[in-house]
Amino acid sequence: MLGYGFSNTGLQKTAGEMAFELGRRPTDKPLSNSWLYSLLNRWKENVTSLKPPALDSNRAKYVTPESVDQYFKNLNKAVGSLGLNEKPECIYNLDENWHQSRA
């Protein structure tokens with residue numbers, strides 16, 4: 001689907017907030033590095049932690065306010081046409097190259 005992935009820090013922060021909202025933790029502080037590494041180890045067949053490559057200069061020059069605006073228009077159109085506006089739990093992010101690492 002269209003979108004961006006989580007950094008490790010972002011994943012720890014979001015998971016901590018979710019655990020708090022679900023009543024599993026007394027605080028919404030980010031989860032520990034130990035939790036993160038355990039999660040990645042348990043799901044090593046399904047989850048990868050990747051550092052995105054630097055944005056090349058040719059690609060960067062085409063990132064304009066208009067292209068960003070068009071991206072979000074396309075994203076909203078795709079989410080709406082798939083009936084996902086009220087179902088964010090059904091939206092996933094995949095790296096374009098995910099299939100290459102699983103071959």
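Taking region 1-96 as the region of interest, the helices (runs of 4 or more DSSP H) fully inside it that hold 2 or more residues being modelled with pLDDT of 90 or more and not charged (D, E, K, R) are 8-21, 33-42, 65-81. Considering only residues in region 16-34 that are in contact with a Ser or Thr (Cβ under 8 Å, 6 or more places away or on another chain) and touching a residue at least 12 places away in the same chain (Cβ under 8 Å), the one that is surrounded by the most Cβ atoms within 10 Å (Cβ to Cβ) turns out to be Gly16.
The values are calculated or read from the model by the stated rules, or taken from the named source; none is laboratory data. If you're wondering where the values come from, they're calculated on a predicted model, not measured in any experiment. So basically every Cβ, Gly included, is an ideal-geometry build from the backbone, and we count neighbours across all protein chains shown.
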